[in-house]
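Q: What follows is a structure written as structure tokens; I'll ask about it next.
Since every read-out is calculated from the coordinates, none of them should be taken as a lab result. Everything numeric in this text was worked out from a predicted model, so none of it was measured. Here the Cβ positions follow ideal geometry from the backbone for every residue, glycine too, while neighbour counts run over all protein chains shown.
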2 protein chains.
Amino acid sequence: MERRLAHEAPSFVPSWSSDLTQQDSGWADPAIDSTLQEAVPEVGTADLAALLDEIVGPLARAGTLDNAPGYAAYVPSGGLFHAALAEWIAASLNRYVPTSETAPGLAALEHLAIQWIHQALGTGASAEQSGFTPSGLFVTGGATATLHAVHAARRATEVAHTDSAQTGLVAYYSENAHSCVSQALAVCGIEHQRMLGINEHMQLPLGELASAIQHDLEAGLTPFLVIGTAGDVRTGAVDDLQGLVDVRDRYNLWLHVDAAYGGFFSMCESAQEALRGLDLANSIAVDPHKGMGLPYGTGALLVRDERTLLTAFSAQTSYINPSPEGPGLGPNTLDMGIEYTREFRGLRVWLPLKMLGLQVFRNNLEEMLALCREIAEDLAQLRHVELVGQPTLSICVFRLRAPCGDDENRALLDLINSDGKFFLTGCTMPERLGGNFVIRIALLSFRTDSATVHRLLARIEECVNIVVSRCKTPPGTEHSPHDRSTKP
Amino acid sequence: MERRLAHEAPSFVPSWSSDLTQQDSGWADPAIDSTLQEAVPEVGTADLAALLDEIVGPLARAGTLDNAPGYAAYVPSGGLFHAALAEWIAASLNRYVPTSETAPGLAALEHLAIQWIHQALGTGASAEQSGFTPSGLFVTGGATATLHAVHAARRATEVAHTDSAQTGLVAYYSENAHSCVSQALAVCGIEHQRMLGINEHMQLPLGELASAIQHDLEAGLTPFLVIGTAGDVRTGAVDDLQGLVDVRDRYNLWLHVDAAYGGFFSMCESAQEALRGLDLANSIAVDPHKGMGLPYGTGALLVRDERTLLTAFSAQTSYINPSPEGPGLGPNTLDMGIEYTREFRGLRVWLPLKMLGLQVFRNNLEEMLALCREIAEDLAQLRHVELVGQPTLSICVFRLRAPCGDDENRALLDLINSDGKFFLTGCTMPERLGGNFVIRIALLSFRTDSATVHRLLARIEECVNIVVSRCKTPPGTEHSPHDRSTKP
């Protein structure tokens, strides 16, 4: 039975994957039909090939195609085929990897995959130089990584205060932080959240941070956690991480860095200055499903000191034996995180790294950075377009110059997306930076190459000219924005 | 490339899966060798077949084999091949399903899979009869489901108190609750946990629960959550769920039921009386990776009222568009849970149900219940053995009679496991029920059949006789335990 099924799926799956480079990214309507109204069937339908071709395939194509080369919206993913195969293998093996007692070999392989990420990012060597055991665990993404970090930070604070529960805990982050940060703090029941404004570089302002901490200390509260961002999902902005490390050290806090999007760029020489200090954070969220193009749900929480996770999450139960000891064996991840049962995520990181080698992933990110710089240079040449800051990583943000406003920029975005070849998204900038609607080009997928980018730039230029020609007062003329509002 | 790889893996994966029914369950030493000490490779190794045969296969076999027929330890899993294939497909498609905007077809398919579970368990019809919209989301297992439930319960309590944060929140559960319950409450920062003793049926005692709530109310605290267990992982005990519903209603609490192991038995006629009231819980954790034999990491949180999850987890962000509306479309699961990015777990539930039909899963569980009753009847016939309670679901607990003590029972367990054909685990019973070490037989895997069980019973009888013959004072003779201690 297994053999027969295993030969029906391969006519569908590799076709889907290999065809992706030829696919458009744009919207396709979902077939929300009787399939999706069906009651749970009492009797099965054995024909796998038909189910895949007639139901799963059409449903899968609906929406915008996140893995196609022209997708430069949100943060693109990849769905690397090697990792998808690893998923099949992992789910077939179906070993319980959160304890070494049950699956010592695969648990150790997963621990190795975490160490490989530490090695790739340089965070492992940094921790070891300071006498710590670098560690971490695979989670589904930045939100779950952040949740773990918040609880670990709280427990570390409690332990530092003779293991007593602390009241008046305060966490700090900027308005630029991902919304999962605020959610994680709420889920953890942290009493006080301080969301600070950003500076002109979209960064958490260090002076205001120190003032806020000082103020809270004087009020008798317990500052315990600052959360920085290494690669804001809107613009790719990176906080001054070394500055945050200094504040962390001065006030004895926990520093968590949300590097879900930006973390893997620390492999790239041209991004290392922007990411300086990342290796000194207490915990880091990185998403291999972003920076490595692996399937969604492949996130990692890296910690500088393994003991912090064990302190926070060690399972106390009569039902499961404690962590083992031995060469190559990490502690039970059951004792390091929230999940008791979960997917065996390690194989989908280990296998692609083993088969392709780290250089393939590093080169892809270097290419994304170079293409993004090229986009920025090209767009800066367009008379009617202005860049909204220079790209720090692989996201380029732009808009039509004044007097074109948000409406025209939204119209431009819709027009670019309208033929379905490309899919971009926009966002509203923080008030501090004008509060305008801007258009983003986010590069990350290994299927996006130089030719894709050149077609995209041509498309943008074409659409800019159309939208601008429709404007009553074209941008770049003698009228200033002030003129426009007083002389309609 | 994809096609070539897709034809190398099938020589490994289906072999592994189809061979499982012939495999022993017992311990195999891990090959913790140079593979697990390797630094991240700069250059790749293209030979997938060799990597699978030489590295992944041997590492995967190490430990105890949770999917083999003789595995009756902890809670067995299955790793159904149809679901493993679904994983490959899901990871290849790699669509972002937490929002309908990106992947409306697959998001709707996942929503359908949740509804199918509601239909299978009868919880959906019950909710609809009360005017609620039953809903839920796929998570990795009971621990993450419980975490979501705790936060949803807190938010519901806050909303009921004019949306203000409540201090002095109190949650109640029994010492029989899974250790993930205490962890979830700690992660959520809930101020007060009341762990109550159990009654003689291993249940949360209703009278003591009401007294504790009353006491806390009088002390000015805010009781908000009671967590029941439907299928304790040690013995399979089920709380008096209808009784918990009554307490919930009297005090206006949230009732969460951890039915990770036991929930799917509500499909079986012979277990319905034990599980009466489950459908009235506010939230339920069920694990398709237990009751349906799907791969690890396939858990679900079911809620009676969809709005409760939306209230607790709705994402507020300028970056992502709100939930869509339309026939067959559920709300964005992004707005219903913690995870922003995650595996597309719905396909690995939908595809097996679609291909095999619900009756296959129900019949398997009915068979497990029947086999467990048979085991209990057979063991009760053995002169030196006593059952520790009657099995409620598919776990049978026994021990050697006094004067054999914990040492002899541990020796018996080790002896049963020693030839590797079977793998059982033991646990220590709560003090209230003697505090003894007992041996468990937990049935759940579709690979475990009547023939397996008969071989296991023969093995147990053989081992009992060996261990008892070694006892200086064999059990079942004229000496009472008291005699043993005074006349060594």
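Q: Which value, in debye to the nearest 20, gives the size of the charge dipole of the stretch A:359-486 about its Cα centre, when Lys and Arg are +1 and Asp and Glu are -1 at the Cβ? Don't jump to the answer; show the numbers that get you there.
A: Values: 15 positive and 17 negative charges, 31 e Å.
My answer is approximately 160 debye.
Q: Using the Cα gyration tensor of the stretch B:393-440, with a ≥ b ≥ c the square roots of its eigenvalues, what is the shape: rounded (a/c below 1.5), prolate (a/b larger than b/c) or oblate (neither)?
A: Details: a/c = 2.41, a/b = 1.37, b/c = 1.76.
In terms of gyration-tensor shape, oblate.
Q: Let me ask you something else. For A:Asp414, B:Asp258, what's the fewest-to-most ordering of other Cβ within 10 Å of each Cβ?
A: Starting with the residue having the fewest Cβ neighbours, the order is A:Asp414, B:Asp258.
Q: Can you tell me, using C-alpha contacts under 8 Å and at least 6 residues apart, the relative contact order of the stretch A:359-486 as a whole percent? Don't jump to the answer; show the numbers that get you there.
A: On the way: 160 pairs, mean separation 35.1, N = 128.
Value for the stretch A:359-486: 27 percent.
Q: If you don't mind, another one. Among B:His192, B:Ile117, B:Gly207, whose Cα projects farthest towards the positive end of the dipole of the stretch B:91-358, with charges put on the beta-carbon of Lys, Arg (+1) and Asp, Glu (-1)?
A: B:Ile117
Q: If a/c stays under 1.5 just call it rounded; otherwise compare a/b with b/c (prolate if a/b is bigger, oblate if not). Do that for the protein assembly as shown, with a ≥ b ≥ c from the square roots of the Cα gyration tensor eigenvalues.
A: Prolate, because a/c is 1.5 or more and a/b exceeds b/c.
Q: Follow-up question, since we're still on this one. Once you have the Kirkwood Rh of the stretch B:1-150 from its Cα pairs, apply Stokes-Einstein at 10 °C and 1.306 mPa s and quote D in µm²/s.
A: For the chosen part, D equals 82 µm²/s.
Q: Could you pull the copy-to-copy label distances for B:Gln129, with points set 7 Å along Cα to Cβ, in nm to one decimal and sorted shortest first?
A: Relative to the other copies, B:Gln129 has label-point distances of 6.7 nm.
Q: Let me ask you something else. Report, in deg cm²/dmol and to the nearest 500, the calculated mean residue ellipticity at 222 nm for chain B, where each DSSP H run with n ≥ 4 adds -39500 (n - 2.57) and the sum is divided by the residue count.
A: Mean residue ellipticity, 222 nm, calculated: -12500 deg cm²/dmol.
Q: What Kirkwood hydrodynamic radius do you get for the stretch A:233-314 when you take the inverse of the mean 1/r over all pairs of distinct Cα atoms, in Å?
A: For the stretch A:233-314, inverting the mean 1/r across all distinct Cα pairs yields 13.6 Å.
Q: Let me ask something else about it. Quote the relative contact order of the stretch B:91-358 in percent (integer), defining contacts as alpha-carbon pairs under 8 Å separated by 6+ residues.
A: About 28 percent, as a whole number.
Q: Further question on the same structure: Measuring nothing but label to label, 7 Å from Cα along Cα→Cβ, what are B:Asp414's distances to the other copies in nm, shortest first?
A: Ordered by distance, the counterparts are at 7.5 nm.
Q: By count of other Cβ within 10 Å, fewest leading, how are B:Ser266, A:Ser18 ordered?
A: Numbers: B:Ser266 24, A:Ser18 14.
Final ranking by Cβ density, sparse to dense: A:Ser18, B:Ser266.
Q: For the stretch B:91-358, take the alpha-carbon Rg, divide it by the Kirkwood Rh, and send me Rg/Rh.
A: Rg/Rh: 0.96.
Q: Take B:Arg4, A:Arg304, A:Arg447 and order them by how many other Cβ atoms sit within 10 Å, fewest up front.
A: Starting with the residue having the fewest Cβ neighbours, the order is B:Arg4, A:Arg447, A:Arg304.
Q: Going by a ≥ b ≥ c, the root eigenvalues of the Cα gyration tensor, does chain A fall in the rounded group (a/c under 1.5), the prolate group (a/b larger than b/c) or the oblate group? Before the final figure, lay out each step's value.
A: Details: a/c = 1.93, a/b = 1.13, b/c = 1.70.
Oblate, because a/c is 1.5 or more while a/b does not exceed b/c.
Q: Once the label point is placed 7 Å from Cα along Cβ, list for B:His7 the distances to the corresponding points in the other copies, in nm, shortest first.
A: In nanometres, ordered from closest: 1.1.
Q: For each pair in A:Lys290/B:Lys290; B:Lys290/B:Lys421; A:Lys354/A:Lys421, compute the distance between the two Cα atoms and list the pairs where it is over 28 Å.
A: From the list (A:Lys290/B:Lys290; B:Lys290/B:Lys421; A:Lys354/A:Lys421), the Cα-Cα distance tops 28 Å for A:Lys290/B:Lys290; A:Lys354/A:Lys421.
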